[in-house]
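Encoded as structure tokens, the structure appears first; notes follow it.
The values are calculated or read from the model by the stated rules, or taken from the named source; none is laboratory data. Quantities reported herein were computed from a predicted structural model and do not represent experimental measurements. Cβ coordinates were reconstructed from backbone atoms using ideal geometry, including for glycine residues, and neighbour counts include every protein chain displayed.
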Amino acid sequence: MIVLLDLLGVAVFAASGALAAVHSRLDVFGVVVLAAVTALGGGVTRDVLLGITPPTTLRQWPYLLTPLVVALIVFRFHPTVARLRRGVQLADALGLALFATTGTAVALDAAAPVVTAGLIGVITGIGGGVLRDVLLNEIPLVLRREIYALAAAAGAGVVVAGNRLGLPPVPVTLVGAALVAALRILALWRRWNAPIPRS
Amino acid sequence: MIVLLDLLGVAVFAASGALAAVHSRLDVFGVVVLAAVTALGGGVTRDVLLGITPPTTLRQWPYLLTPLVVALIVFRFHPTVARLRRGVQLADALGLALFATTGTAVALDAAAPVVTAGLIGVITGIGGGVLRDVLLNEIPLVLRREIYALAAAAGAGVVVAGNRLGLPPVPVTLVGAALVAALRILALWRRWNAPIPRS
Amino acid sequence: MIVLLDLLGVAVFAASGALAAVHSRLDVFGVVVLAAVTALGGGVTRDVLLGITPPTTLRQWPYLLTPLVVALIVFRFHPTVARLRRGVQLADALGLALFATTGTAVALDAAAPVVTAGLIGVITGIGGGVLRDVLLNEIPLVLRREIYALAAAAGAGVVVAGNRLGLPPVPVTLVGAALVAALRILALWRRWNAPIPRS
């Protein structure tokens, strides 16, 4: 089940990468590469930090086929340009939600201490999107003006707390992911702004 | 022999990094650092993904001296500016060819499954050039409008297939590398374009 | 003691990241994230290269609390904008000095060969600042027109030499760090320029 949620995260992050690549007018190869990097970057980083080598993501067919298929579908049927940015942000919110929580669950499974597991979850969640934005030469979403890392940390916190309380991991992961997605989508929709520095 | 090809890859990627640094008007230290990062980035990533720590590349003198010497030679005797971009692209094509194939061979040696080995080969091939372009604040070649990751994947595929068929690794690696270099140079020369998204 | 110096490096690099984030007008979350990435990036890279997983930095409270506290202090009490860039560079010089030398010491402790240890020290020193600049979409300081990697290498060399000579590690690390900081600050103050390519 955690694997299925992880794979769903791969699919939505692949979509966010592919949509961003279309927005930047990359060709079909660029769209596939950016979708793959965005979709797999977080999980590869997670496994390297946990000492799981070669990373799981690079060993299993579904993880490799999913970004390819998603990228080709997006390339062929992407929405009109005006909706691309919105699509990137929605897919990114879902990917963040799924990866931050499954990343935490995987790290707990690998016997990481709870704080470490939560942090690795946050890194798993934000990693793919950061790579996507850096490769497209943009300042990453995580640094821009909306709650982002905090939403990921809240979801990771739910998974860690559930683990401490001995609750079953799958529903806990789903609740955590729903919380992250809700926070991110609310922040986008209501244009929540955090304080900026005085000048 | 695989080590010699790997070292040749280090030399040509160092040249591509040094030429790109000269093109960006960096000083001699910047030229050396960028040459080293471009030359060693792919191999370090490969070893980290395979759990080989500290990475081989950081443990052996020839890997460290080669980028330094190449960078100083390029700094002193670089071509006229008009030819710099062409030089970066040619050296990059050779480096991609050598690293994608030797990276696959190293991963097979480390007992990675064949698909994983091919992927790690592709990552080894594109890693150095991606770091070079990201550090210079440019969208990486691999995402721009020419066959790139596909050429690397073709070369990795040749090495994997040769391994499955029990062929001797060195000639197979050479054939794979020649294929990658030929694809890249043809793509540059004939200005092959892949489809771009409809707008 | 080496841990204390390492933690001081975390604090000053966090300050450099937070000041750079304020300079780029990020909100309070962006300031915290950039401070954390700048402060912890070098040490995480060091541990991954040495095969220490999960990285020490992600396992210990002081390493996690320090960047948070520093980021909030900088966010609240940052200097006037005119002095921000100078502040980033000074904090960066101190962080480089501390991380290049403690990174080398940690690598020697982990039984890395001396050259490898020196290189890992240099990578630890420059890693956080490179991440900071790449995330803010700037060409990293290490590539720009002042002695930077060379200063880090000099400090790493002092620690390696002290280790070879059997000298006590803490004073040697302090001497190495003082050398790096002095070289960097002199380079900034006297505007030392290295040769740039002929055009």
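Given the criterion more than 30 Å from residue B:55 (Cα to Cα) and of a type in the set (D, E, K, R), identify the matching residue among C:59, C:76.
Every option except C:76 fails the conditions.
Selection within segment A:174-194: residues that are farther than 22 Å from residue A:9 by Cα and within 14 Å of another protein chain (Cβ to nearest Cβ). The member of this set that is modelled with the lowest pLDDT is A:193.
Restricting attention to segment A:149-168, which residues are part of a helix (DSSP H, G or I) and more than 11 Å from chain C (Cβ to nearest Cβ)? Steps first, answer last, please.
Step one: list which residues in segment A:149-168 are part of a helix (DSSP H, G or I), which gives A:149-164.
Within segment A:149-168, A:154, A:155, A:156, A:157, A:158, A:159, A:160, A:161, A:162, A:163, A:164 qualify.
Against the list (1) modelled with pLDDT under 95; (2) closer than 26 Å to residue C:47 by Cβ, the condition residue A:108 fails is (1).
All of C:197, C:171 fail the test of being within 14 Å of chain B (Cβ to nearest Cβ), farther than 22 Å from residue B:59 by Cβ and not hydrophobic (A, V, I, L, M, F, W, C), apart from C:197. Among the conditions (1) under 18 Å from residue C:138 (Cβ atoms); (2) surrounded by 22 or more Cβ atoms within 10 Å (Cβ to Cβ), the only one that residue C:29 does not satisfy is (1). Annotation note: of A:184, A:191, the sole residue that is surrounded by 21 or more Cβ atoms within 10 Å (Cβ to Cβ) and charged (D, E, K, R) is A:184.
If I filter segment C:3-21 for residues that are assigned to a helix (DSSP H, G or I) and at the interface with another protein chain (Cβ under 9 Å from one of its Cβ atoms), do I get at least one hit? Within segment C:3-21, one or more residues are assigned to a helix (DSSP H, G or I) and at the interface with another protein chain (Cβ under 9 Å from one of its Cβ atoms).
Is there a residue in segment C:159-178 that is within 14 Å of the chain's Cα centre (by Cα) and among the hydrophobic types (A, V, I, L, M, F, W, C)? Yes, some residue in segment C:159-178 is within 14 Å of the chain's Cα centre (by Cα) and among the hydrophobic types (A, V, I, L, M, F, W, C).
Residue B:146 meets all of the listed conditions (1) in contact with a helix residue (DSSP H, G or I) (Cβ under 8 Å, 6 or more places away or on another chain); (2) in a loop (DSSP other than H, G, I, E, B); (3) surrounded by fewer than 19 Cβ atoms within 10 Å (Cβ to Cβ) but one, namely (3). Please go through segment B:133-147 and pick out each residue that is over 22 Å from residue B:6 (Cα atoms), of a type in the set (A, V, I, L, M) and more than 7 Å from every other protein chain (Cβ to nearest Cβ). None; the set is empty. Going by the conditions given, is residue B:130 assigned to a helix (DSSP H, G or I) and within 14 Å of chain C (Cβ to nearest Cβ)? The answer is yes for residue B:130.
Conditions (1) modelled with pLDDT under 95; (2) more than 24 Å from residue A:147 (Cβ to Cβ); (3) of a type in the set (A, V, I, L, M, F, W, C); (4) touching a Ser or Thr at 6+ places or on another chain (Cβ under 9 Å), marked per residue:
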{"site": "C:26", "(1), (2), (3), (4)": "yes, no, yes, no"}
{"site": "C:29", "(1), (2), (3), (4)": "yes, no, yes, no"}
{"site": "C:35", "(1), (2), (3), (4)": "no, no, yes, yes"}
{"site": "C:38", "(1), (2), (3), (4)": "no, no, no, yes"}
{"site": "C:58", "(1), (2), (3), (4)": "yes, no, yes, yes"}
{"site": "C:69", "(1), (2), (3), (4)": "no, no, yes, no"}
{"site": "C:84", "(1), (2), (3), (4)": "yes, yes, yes, no"}
